[in-house]
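Data first, discussion second: the structure below is written as structure tokens.
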Amino acid sequence: MEVHARSVVRVHGPRRAGPGVIVGSQGQVLTSVEHVSLEAAEVEFGGQKLTGAVVLAHAGLKIAVVAAPAGAYPSVPVKVQPEGLDGQWLIGVVAGKRKQDARPFAAVARSAQAPFVDLDLPLAPGSPLFDAQGRLAAVVVQPRRGGCRALPLASVQRQLVSLLERP
């Protein structure tokens, strides 16, 4: 969890701020679309706010990818599972209340409207979700009553591939 804690950042947009996770060693950050503008967002890393460019913002999937300035960043290991996450255990870090530390909790992913899954974890949009081996498997996109809705990385990957294939 220590490696993953270094990879979780705070993303600041014009209206909101929230978590994001570094998915590329060159500073690509996966977060909620709520935390970015169409052009840029600030990524808080190592005590500094860095201006990043928005590479992908998808309102329907509620995700965004921000490219932080050039540099070396601690990215998390990633697991793209094409068959989906329904029925699998996922781990998220739930913020501590009052003076308590944040702690990891696990929940079983339940199918939701495709391509999303629902979990009984109270996580903020942009929060990362890990599989049992500690690899990033999904990102939270929406709070739900008693839990959250998440997008598996396979859907994010499809959007990035289609973006790269455009002329």
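Screening residue 61 on (1) open to solvent by 80 Å² or more (accessible area, probe 1.4 Å); (2) assigned to a loop (DSSP other than H, G, I, E, B); (3) under 21 Å from residue 124 (Cβ atoms); (4) touching a residue at least 12 places away in the same chain (Cβ under 8 Å) shows it passes everything except condition (1). Selection over region 64-76 of residues that are in a loop (DSSP other than H, G, I, E, B) and within 13 Å of the chain's Cα centre (by Cα) gives a count of 2.
Rundown of residues vs (1) in contact with a His (Cβ under 9 Å, 6 or more places away or on another chain); (2) modelled with pLDDT of 90 or more; (3) not hydroxyl-bearing (Ser, Thr, Tyr), yes/no style:
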position: 34; (1), (2), (3): no, yes, yes
position: 54; (1), (2), (3): no, yes, yes
position: 63; (1), (2), (3): no, yes, yes
position: 71; (1), (2), (3): no, no, yes
position: 75; (1), (2), (3): no, no, no
position: 79; (1), (2), (3): no, no, yes
position: 85; (1), (2), (3): no, yes, yes
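Answer yes or no: is there a residue in region 80-87 that is surrounded by 17 or more Cβ atoms within 10 Å (Cβ to Cβ), in contact (Cβ under 8 Å) with a residue 12 or more places away in the chain and polar (S, T, N, Q). Taking every residue of region 80-87 in turn, none turns out to be surrounded by 17 or more Cβ atoms within 10 Å (Cβ to Cβ), in contact (Cβ under 8 Å) with a residue 12 or more places away in the chain and polar (S, T, N, Q). If you check residue 105 against the conditions, is it in the same structural domain as residue 144 (by the TED database) and either surrounded by 13 or more Cβ atoms within 10 Å (Cβ to Cβ) or in contact with an Asp or Glu (Cβ under 9 Å, 6 or more places away or on another chain) (or both)? Here the answer is yes, as residue 105 does meet what is asked. Taking the condition in contact with a Gly (Cβ under 6 Å, 6 or more places away or on another chain), in a loop (DSSP other than H, G, I, E, B) and surrounded by fewer than 22 Cβ atoms within 10 Å (Cβ to Cβ), does residue 132 pass? Here the answer is no, as residue 132 does not meet what is asked. Looking only at region 25-35, residues that are under 13 Å from the mean Cα position of the chain (by Cα) and open to solvent by 10 Å² or more (accessible area, probe 1.4 Å) come to 3 in all. Taking the criterion of being open to solvent by less than 30 Å² (accessible area, probe 1.4 Å), within 20 Å of residue 29 (Cβ to Cβ) and free of Cβ contacts under 8 Å to residues at least 60 places away in the same chain, the residues of region 135-148 that qualify are 137, 138, 148.
The values are calculated or read from the model by the stated rules, or taken from the named source; none is laboratory data. As the structure is a prediction and not an experimental result, all values here were calculated from the model. Cβ: placed from backbone, ideal geometry, glycine included. Neighbour counts: every protein chain shown. Remember, those area values only see protein heavy atoms, side chains included, never the ligands or the DNA or RNA. Shrake-Rupley method; radii C 1.70, N 1.55, O 1.52, S 1.80 Å.
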